[in-house]
Amino acid sequence: MELFRNGRLFIERLEHTLPDGRKKEGVIVHPGDAVVVLPKCGDSCWHLIRQYRFAVGSYILEAPAGKLEPGESPFETANRELIEETGYQAGEMVEKGWIYTTPGFSDEKLFLFEARDLSRSDNFEKDDDELIELVTLTGRELELMCLDGRVSDAKTISVVYRCLREVP
């Protein structure tokens with residue numbers, strides 16, 4: 001049964017069967033899938049954005065990210081969001097896998113990317129509610145900020161880990 005719908009976000013209550021055969025009722029939030037992009041701006045530096053997030057009432061440091069538009073591939077969304085939020089386009093967009101955000105109650109999947117070979121672009125504009133400042137950090141600074149809590153956004157910590165801890 002649908003409990004709430006607002007655009008692409010909807011919440012439903014449904015009965016499901018556990019692997020042991022028991023039936024349970026649960027609530028699932030369906031926000032739609034999204035992308036996260038870590039822009040690499042040199043041999044050893046990356047960009048994050050400092051963005052106001054009303055849900056937590058403050059600015060946070062995070063990687064550019066956004067929802068897939070209908071009919072858009074994760075790769076297309078990653079390119080669009082990178083330009084919208086940073087003013088840069090990628091010469092190369094490297095896939096870094098995907099993660100579930102909160103599988104205890106949501107089916108949202110985030111596709112992770114590293115953007116390389118950046119050049120300026122104004123093909124897309126920021127959304128009117130986005131208050132964003134670009135921040136440039138070395139890999140070491142980025143790693144330390146994820147460890148000490150200055151970067152507290154889970155999707156950003158995930159993409160940083162995938163990009164800085166590359167398996168050869």
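Every number in this text was worked out from the coordinates using simple rules, so none of it is lab data. For clarity, every value in this text was computed on a predicted model and none was experimentally measured. No Cβ is skipped: glycine too gets one built from the backbone with ideal geometry, and neighbour counts run over all protein chains shown.
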Distance between the stretch 1-74 and the stretch 110-143 - C-alpha centres, whole angstrom:
18 Å
Please give the helix 154-164 orientation as an angle from the longest Cα principal axis of the chain, in degrees from 0 to 90, rounded to the nearest 10.
50 degrees
Measuring from its Cα centre, the stretch 122-168 shows a charge dipole (+1 at each Lys and Arg Cβ, -1 at each Asp and Glu Cβ) which, in debye to the nearest 20, is 500 debye
Where a Cα-Cα gap under 26 Å defines reach, which lysines qualify for Lys96, not counting those fewer than 8 residues away within the same chain?
Lys40, Lys67, Lys109, Lys126, Lys155
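Where in the stretch 17-118 are there chymotrypsin sites (Phe, Trp or Tyr not before Pro) that are in a DSSP coil and have at most 13 other Cβ atoms within 10 angstrom of their Cβ?
Numbers: sites: Trp46, Tyr52, Phe54, Tyr59, Phe75, Tyr88, Trp98, Tyr100, Phe105, Phe111, Phe113; in loops: Phe54, Phe105.
Here the sparse-neighbourhood loop sites are Phe54, Phe105.
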Place +1 on the Cβ of every Lys and Arg and -1 on the Cβ of every Asp and Glu in the stretch 1-85, take the dipole about the Cα centre, and give the residue among Ser44, Ile11, Gly71 whose Cα lies farthest towards its positive end.
Ile11
Using +1 at the C-beta of Lys and Arg and -1 at the C-beta of Asp and Glu, which of Gln89, Leu142, Asn123 has the Cα lying farthest in the positive direction of the dipole of the stretch 75-146?
Leu142
Where nothing but the Cβ of Lys and Arg (+1) and of Asp and Glu (-1) is charged, how large is the charge dipole of the chain around its Cα centre, in debye to the nearest 20?
560 debye
If each DSSP helix of 4+ residues adds -39,500 (n - 2.57) and the sum is divided by the residues in the chain, what number results at 222 nm, nearest 500 deg cm²/dmol?
-6000 deg cm²/dmol
Length gain on complete extension for the stretch Arg53 to Leu9, per 0.36 nm per residue less the alpha carbon to alpha carbon distance?
14.0 nm
Within the set Arg50, Arg116, Arg150, GNM on the chain using Cα springs under 10 Å gives the largest fluctuation to Arg150
Between Val151, Val36, Val56, which gets the highest mean-square fluctuation from a Gaussian network model of the chain, Cα cutoff 10 Å?
Val56
